[in-house]
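Heads up: the structure comes next, in structure tokens.
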Amino acid sequence: MEELVVIGNGMVGHRLVEALHDRDSDHRWHVTVVGEEPRTAYDRVALSSYFDGASAQDLSLGDLSGPHVDVHVGERATALDRDARTVTTASGRTLGYDRLVLATGSTPFVPPVPGHDLPGCHVYRTIEDLDAITASARHARTGVVIGGGLLGLEAANALRLLGVEAHVVELAPHLMPAQIDEGAGGLLRRLVTDLGVHIHTGAASTAVEAGADGRVRNLLLGDGTRLDADLVVFSVGIRPRDDLARAAGLRVGERGGIVIDDTCTTSDDRIHAIGEAAAHRGTVYGLIAPGNAMAEVVADRLLGGGATFTGADTSTKLKLLGVDVASFGDAHGRADDCLDVVVNDAAGGRYAKLVLSDDATTLLGGILVGDASAYATLRPMVGSPLPGDPLTLITPEGGAALGADALPDSAQICSCNAVTKGALTDAVHTQGACDVAGLKACTRAGTSCGSCVPMLKQILSQAGIEQSKALCEHFTQSRAELLETVRATGTTTFSALIENHGTGQGCDICKPAVASILASLGGGHILDGEQATLQDTNDRYLANMQRNGTYSVVPRIPGGEITPDKLIVIGEVARDFQLYTKITGGQRIDLFGARLEQLPAIWTRLVEAGFESGHAYGKSLRTVKSCVGTTWCRYGVQDSVGLAIRLEERYRGLRSPHKLKSAVSGCARECAEARSKDFGIIATDQGWNLYVGGNGGFTPRHAELLASDLDEETLIRYIDRFLMFYIRTADRLQRTAPWIEAMDGGLDHVRDVVVHDTLGIAEELEAAMERHVHSYTDEWAAVLADPAKLARFESFANAPGTPDPTISFTTTRDQPVPGAALDLGMPAPRPQEATR
Amino acid sequence: MTATTTHAPPALWIDACPAHRLGADDGVAVLLPDGRQAALFRTRDNRLFAVDNIDPFTGAAVISRGIVGDRRGEPTIASPMLKNVFSLLTGQSLEDPQVRLRTWAVRDTGATVQISARAEEESP
Ligand code: SRM
Ligand SMILES: Cc1cc2nc3c(=O)[nH]c(=O)nc-3n(C[C@H](O)[C@H](O)[C@H](O)COP(=O)(O)OP(=O)(O)OC[C@H]3O[C@@H](n4cnc5c(N)ncnc54)[C@H](O)[C@@H]3O)c2cc1C
Ligand code: SF4
Ligand code: FES
């Protein structure tokens, strides 16, 4: 394996390692990353959302450490020895490399005006910078941002959010001089001023002056004006971090930046430079898209490819203080003899300019301020013939009406990640991408600034994506379509369904999905006849399989409320069968380590004591957690325990596309964490608020309010409808949150159906739920009563009572846990076996 | 793994279970005299297969509890543990060319399903 060292774990360094990791399937490279910041890479582009409530964790791009990647954070590279091919770090580490990538980014440039280093002076680049600004802002009334570019305006907004009166001082005659022209700048100034930010253009910052406490007090301007300033943020541009490269004798550009060629290689062919540290054909790009493109080129080259970087699009779109600004292509009209079409609607607060080729046929670039909705359609058209009259494209209705079909395959839809329309249609047709998430995964389009997502949706709908809804190779239908087929034809078995509507024998994807559909529609016991062989691991034996092949047992404890007597029974069963015992995250008790053949005996004891299956194994209702509410709590306003029990008993055993969780809190303090549930209920003085679409797990999400102040009967009607609507229409293994997200109209549509009954199906959904409630029986009691089902719970067909000799236990914290796994290929039992 | 012995012992058929106990698409575990375990299956088209019961990816003896199916017509078993899929014909893992389950010969006498006590690779 060859050694790759990457200096810098910022956005671009991260992208390189990720791209290499994705493609280096033969493990040609071992990668060591050295990053100076105290944390792994985060989304710097979204940095300002830190002031809007995003945490450092939310911004994180993920830790790429793994078997072939070591990431050292809080570690600065201090020297580079090109002859020895080593990098030395501040902590004294020496790292040898076969190839080296410099992804050191840039630092904000701080002009050497007097007082620039006083306490209260800041820059705006890292999470630590933002923490420092927040600290200063606590005692500040007024703040000045020096620099009226893209970042300066973001910083001004940040000050506003921190409750500080914000001023922006810009040397050029208008705001954002790099991206927009004077006309647009004038409108932007007006819109930003309306929001309470004070703008000073054509103004030089001469000195930062201190007050008596030695902290920043004033900013002195060139014309002698003094602005009050309790804090100052410098945002006048960036300087590439090329010092390591410079010291090691690599070529650097006249205005800084490590010089690279089209292969992103420096003057030393073992060393690459990417991102804001690099100077390509004399340009240092201060945007993420070109950096990502360079990272992709280097990843490709490291694996023997021939990719090149020949320059990049510098289009930008941003929403500043709620004001849309976009600039794309040749926005300043630098091409020879180009023509402008401008709409400057001062009254309407809109400015739009298109730059056209001299014959007015080809779009070269443009600027949009106030309303940038046409950006997604216009930007990909740069370089292509115009589909219509230019003026109509920038009138309010024109741009949005133009669809993706007007674009050629070569048009770049996602500029952040350089993805063309052709690549996207290809992902749909050959890689099976069938939703925005799929396109993101296949092409990365839409994963950065997100402004291209509306176009992604258009491309999907144009491509006719139905065929990719196929459940698996045996069924071309989606789960929802199969459910409708089963309902319409009255099919009751998998055999009949696959014979009439599928092909082959089935597999571990379609069998459990069909089993779940049959169960949702009231198909009897899940272990009846052939159904048993369809069930997924845990459903198959009504228990959860553990890593050593034993099972866990979870009796239902509705609402988390349990009598001491029942608690004692659980303790006794656990003791008698020597089961590891743990309180779960779902307010109940899990007993682990039961062998397959022990399950009936354990459940006999539990059923006798009045327990039922807790369906911890099923894609079905898990728990309805509760807080004590009015039963005990001095703040409670409703009986949350009573409602939780009622809900758990109503929906227990209901099979669904994925598991369902719920919780009920007795007041707004929300001790039951109801808003992290698929359906959560929070008590109000008037009744109950119903929240839907929340979950923890891989992609945590808060539930959103569906309806408020409901009485209990209305609440239950709405939940009945909500759950049945979900069961009818969701995809396999799609939880309620992504189901709502993928739905046309999202939560509003769900509300229309559930609350306003716009589809006229509410009655039918309620009736279906009523059927479920009436047909419910305890699955475990039914197994114990049926010898045919019980016969399945044996260790060996030819030795039913013999324990599996490969299962062993050891003791941890006074409880049994799985013993060491057997050496593979050596199935003979080990001596320490049979401890129980 | 071809046999190195010149005198291969004769096939020894062991009774695994009554024929009616093993329905279509179902599986059972069988304990062999030497302590090994086989997972025995009957497919929907009434073919019988036996492979190792131990899941080589996790070491747990659970293959018999997996889901029977096919991939492009080849009969398969998906381990219940981490859903790794194996060919029932050859025991070959469909994900990792290095990994293969042992296979055993199986027959249905009409009343009983029997399994050969020697894995197929060990036959001459
Ligand atoms: C036992 C328990 C952990 C514990 O010791 O506390 C647990 C254990 C398992 N969880 Fe969990 N989860 C448990 C609470 C949770 C919670 C917390 C909660 O329910 O409040 C969550 C996050 C909340 C959520 O789901 O929204 C949780 C998110 C998951 C996920 C991720 C789901 C997702 O949408 O991303 C899985 C995987 C899945 O379902 O596909 C999972 C799957 C599993 C399985 C069933 C995996 C498996 O098939 O072997 C684990 C085995 C359970 C067993 O052997 O009995 N478990 N799991 C908890 C049982 C609660 C109960 O009484 O039923
Ligand atoms: C507030 C803000 C908003 C932005 N908004 C946008 C936007 O809307 N659109 C857009 O396209 N771009 C935007 N950008 C610019 C974008 O974030 C950068 O282009 C991008 O982060 C550059 O990535 P990079 O990896 O080259 O540099 P960085 O992300 O800066 O990463 C370089 C890393 O290298 C580390 N490093 C440097 N020297 C060493 C050393 N010697 N040893 C170890 N580690 C070292 C640094 O600490 C840093 O973590 C924004 C930037 C900021 C600050
Ligand atoms: S959510 Fe309210 S009622 Fe329930 S325990 Fe917390 S404070 Fe008490
Ligand atoms: S254009 Fe920014 S994510 Fe696609």
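The values are calculated or read from the model by the stated rules, or taken from the named source; none is laboratory data. Just so it is clear, the structure is predicted and the values come from calculations on it, not from any experiment. Methodologically, a virtual Cβ is constructed for each residue, glycine included, from the backbone with ideal geometry; neighbour enumeration extends over all protein chains shown. We work out accessible area using only protein heavy atoms, side chains counted, and drop any ligands, DNA or RNA first. Shrake-Rupley method; radii C 1.70, N 1.55, O 1.52, S 1.80 Å.
Looking only at segment A:604-637, count how many residues are part of a loop (DSSP other than H, G, I, E, B), open to solvent by less than 50 Å² (accessible area, probe 1.4 Å) and either modelled with pLDDT under 95 or within 12 Å of ligand 1 (Cβ to nearest atom) (or both).
6
Does residue A:257 satisfy the condition of being at positive phi and at pLDDT 95 or above? Reasoning before the result, please.
On the way: at positive phi: yes; at pLDDT 95 or above: yes.
Against the criterion (at positive phi and at pLDDT 95 or above), residue A:257 qualifies.
Is it the case, given these coordinates, that residue A:310 is of a type outside the set (Phe, Trp, Tyr), open to solvent by 50 Å² or more (accessible area, probe 1.4 Å) and at negative phi? Full working, then the answer.
Values: of a type outside the set (Phe, Trp, Tyr): yes; open to solvent by 50 Å² or more (accessible area, probe 1.4 Å): yes; at negative phi: yes.
When the stated conditions are applied, residue A:310 passes them.
Residue A:456 is checked against (1) at negative phi; (2) surrounded by fewer than 22 Cβ atoms within 10 Å (Cβ to Cβ) and fails just one. What number does that condition carry?
Going through the list (1) at negative phi; (2) surrounded by fewer than 22 Cβ atoms within 10 Å (Cβ to Cβ), residue A:456 breaks only (2).
Would you point out which residue out of A:589, A:557, A:583 is modelled with pLDDT of 95 or more, closer than 24 Å to residue A:654 by Cα, within 13 Å of ligand 1 (Cβ to nearest atom) and open to solvent by 40 Å² or more (accessible area, probe 1.4 Å)? Give the derivation first.
Numbers: A:589 fails: open to solvent by 40 Å² or more (accessible area, probe 1.4 Å); A:557 fails: open to solvent by 40 Å² or more (accessible area, probe 1.4 Å).
On inspection, the qualifying residue turns out to be A:583.
Identify all residues within segment A:486-524 that are among the hydroxyl-bearing types (Ser, Thr, Tyr), open to solvent by less than 30 Å² (accessible area, probe 1.4 Å) and either part of a helix (DSSP H, G or I) or at the interface with chain B (Cβ under 10 Å from one of its Cβ atoms) (or both); write none if there are none. Steps first, please.
Quick first cut of segment A:486-524, residues among the hydroxyl-bearing types (Ser, Thr, Tyr) only: A:489, A:491-493, A:495, A:503, A:516, A:520.
The next check asks that each one be open to solvent by less than 30 Å² (accessible area, probe 1.4 Å); those that pass are A:491, A:516, A:520.
The answer is A:516, A:520.
Would a scan of segment A:19-36 turn up a residue that is touching a residue at least 12 places away in the same chain (Cβ under 8 Å), in contact with a helix residue (DSSP H, G or I) (Cβ under 6 Å, 6 or more places away or on another chain), part of a helix (DSSP H, G or I) and buried (at least 19 other Cβ atoms within 10 Å of the Cβ)?
Yes: one or more hits.
Scan A:699, A:758 and give me the residue that is at pLDDT below 95, over 28 Å from residue A:557 (Cα atoms) and β-branched (Val, Ile, Thr).
Values: A:699 fails: over 28 Å from residue A:557 (Cα atoms).
That would be A:758, the only listed residue that is at pLDDT below 95, over 28 Å from residue A:557 (Cα atoms) and β-branched (Val, Ile, Thr).
Which members of segment A:238-274 meet the condition of being open to solvent by less than 30 Å² (accessible area, probe 1.4 Å), in a loop (DSSP other than H, G, I, E, B) and among the small types (Gly, Ala, Ser)?
A:248, A:253, A:256, A:257
Pick out, from segment A:762-836, the helices (runs of 4 or more DSSP H) lying fully within it that include 1 or more residues that are more than 13 Å from chain B (Cβ to nearest Cβ), modelled with pLDDT of 90 or more and over 22 Å from residue A:539 (Cβ atoms).
On the way: elements: A:762-775, A:779-784, A:787-790.
Because the criterion is at least 1 residues that are more than 13 Å from chain B (Cβ to nearest Cβ), modelled with pLDDT of 90 or more and over 22 Å from residue A:539 (Cβ atoms), the helices (runs of 4 or more DSSP H) in segment A:762-836 that meet it are A:762-775.
So if I check each of A:445, A:488, A:437, A:404, which one is within 16 Å of ligand 4 (Cβ to nearest atom) and at pLDDT 80 or above?
A:445
Looking at this structure, is residue A:577 in contact with a strand residue (DSSP E or B) (Cβ under 7 Å, 6 or more places away or on another chain), more than 18 Å from residue A:548 (Cβ to Cβ) and not basic (Lys, Arg)?
Details: in contact with a strand residue (DSSP E or B) (Cβ under 7 Å, 6 or more places away or on another chain): yes; more than 18 Å from residue A:548 (Cβ to Cβ): no; not basic (Lys, Arg): yes.
Answer is no for this residue.
Among the residues of segment A:147-158, is any surrounded by fewer than 17 Cβ atoms within 10 Å (Cβ to Cβ), of a type outside the set (A, V, I, L, M) and over 14 Å from residue A:198 (Cα atoms)?
Let us first name the residues in segment A:147-158 that are surrounded by fewer than 17 Cβ atoms within 10 Å (Cβ to Cβ), namely none.
Within segment A:147-158, none of the residues are surrounded by fewer than 17 Cβ atoms within 10 Å (Cβ to Cβ), of a type outside the set (A, V, I, L, M) and over 14 Å from residue A:198 (Cα atoms).
If I ask for residues that are open to solvent by less than 10 Å² (accessible area, probe 1.4 Å) and under 19 Å from residue A:22 (Cβ atoms), which ones from segment A:275-291 would you list? Let's see the steps before the verdict.
As a first pass, look at segment A:275-291 and keep what is open to solvent by less than 10 Å² (accessible area, probe 1.4 Å): A:275, A:277-280, A:290-291.
Answer for segment A:275-291, where residues must be open to solvent by less than 10 Å² (accessible area, probe 1.4 Å) and under 19 Å from residue A:22 (Cβ atoms): A:275, A:291.
Quick one: which strands (runs of 3 or more DSSP E) lie wholly within segment A:86-172 and hold at least 3 residues that are farther than 23 Å from residue A:286 by Cα?
On the way: elements: A:86-89, A:94-96, A:99-102, A:106-108, A:121-123, A:142-146, A:165-169.
Correct list: A:86-89, A:94-96, A:165-169.
Is it the case that segment A:445-455 has a residue that's in contact with a Phe, Trp or Tyr (Cβ under 9 Å, 6 or more places away or on another chain) and closer than 17 Å to residue A:732 by Cβ? So that I can check it myself, show each step before the final result.
Taking segment A:445-455 as the starting set, the residues that turn out to be in contact with a Phe, Trp or Tyr (Cβ under 9 Å, 6 or more places away or on another chain) are A:451.
Okay, now just the ones that are also closer than 17 Å to residue A:732 by Cβ, so none.
Checked against the condition, which is being in contact with a Phe, Trp or Tyr (Cβ under 9 Å, 6 or more places away or on another chain) and closer than 17 Å to residue A:732 by Cβ, segment A:445-455 yields no hits at all.
Output yes when any residue across segment A:74-93 is out of contact with any Ser or Thr (no Cβ under 9 Å at 6 or more places or on another chain), open to solvent by less than 40 Å² (accessible area, probe 1.4 Å), of a type in the set (Val, Ile, Thr) and at pLDDT 95 or above, and no when none is.
No, that holds for no residue.
What are the residues in segment A:359-371 that are surrounded by fewer than 24 Cβ atoms within 10 Å (Cβ to Cβ) and either β-branched (Val, Ile, Thr) or in a loop (DSSP other than H, G, I, E, B) (or both), if any?
A:359, A:360, A:361, A:362, A:370, A:371 - these are the residues of segment A:359-371 that are surrounded by fewer than 24 Cβ atoms within 10 Å (Cβ to Cβ) and either β-branched (Val, Ile, Thr) or in a loop (DSSP other than H, G, I, E, B) (or both).
Only residues in segment B:108-124 that are of a type in the set (Phe, Trp, Tyr) count as the first member; pair them with residues that are modelled with pLDDT under 90, Cβ under 7 angstrom, at least 6 apart or cross-chain, and list the lot.
none
Criterion first (in contact (Cβ under 8 Å) with a residue 12 or more places away in the chain, away from ligand 4 (no atom under 16 Å from the Cβ) and either in contact with a Leu (Cβ under 7 Å, 6 or more places away or on another chain) or part of a loop (DSSP other than H, G, I, E, B) (or both)) does residue A:653 satisfy it? Lay out the reasoning, then the answer.
On the way: in contact (Cβ under 8 Å) with a residue 12 or more places away in the chain: yes; away from ligand 4 (no atom under 16 Å from the Cβ): yes; either in contact with a Leu (Cβ under 7 Å, 6 or more places away or on another chain) or part of a loop (DSSP other than H, G, I, E, B) (or both): yes.
The answer is yes for residue A:653.
With respect to residue A:711, is the statement that it is of a type in the set (Asp, Glu), in contact with an Asp or Glu (Cβ under 7 Å, 6 or more places away or on another chain) and within 24 Å of residue A:558 (Cβ to Cβ) true? Reasoning before the result, please.
On the way: of a type in the set (Asp, Glu): yes; in contact with an Asp or Glu (Cβ under 7 Å, 6 or more places away or on another chain): no; within 24 Å of residue A:558 (Cβ to Cβ): yes.
Spelling it out, it is not the case that residue A:711 is of a type in the set (Asp, Glu), in contact with an Asp or Glu (Cβ under 7 Å, 6 or more places away or on another chain) and within 24 Å of residue A:558 (Cβ to Cβ).
Just to be sure I understand, how many residues within segment A:327-351 are over 21 Å from residue A:312 (Cβ atoms), open to solvent by less than 20 Å² (accessible area, probe 1.4 Å) and modelled with pLDDT under 90?
Taking segment A:327-351 and keeping what is over 21 Å from residue A:312 (Cβ atoms), we get A:336-337, A:339-351.
Checking the rest, the ones that are also open to solvent by less than 20 Å² (accessible area, probe 1.4 Å) come to A:349, A:351.
Adding the requirement that they be modelled with pLDDT under 90 leaves A:349.
Counting residues in segment A:327-351 that are over 21 Å from residue A:312 (Cβ atoms), open to solvent by less than 20 Å² (accessible area, probe 1.4 Å) and modelled with pLDDT under 90 gives 1.
Looking at the structure I just gave you, is residue A:419 within 16 Å of ligand 4 (Cβ to nearest atom) and either away from every other protein chain (no Cβ under 14 Å) or modelled with pLDDT of 85 or more (or both)?
yes
Can you pull out the residues in segment A:49-68 that are on the phi > 0 side of the Ramachandran plot and open to solvent by 50 Å² or more (accessible area, probe 1.4 Å)?
A:53
What single numbered condition from (1) more than 27 Å from residue A:627 (Cβ to Cβ); (2) assigned to a helix (DSSP H, G or I); (3) without any contact (Cβ under 8 Å) to a residue 12 or more places away in the chain fails to hold for residue A:568?
Answer for residue A:568: the failing condition is (1).
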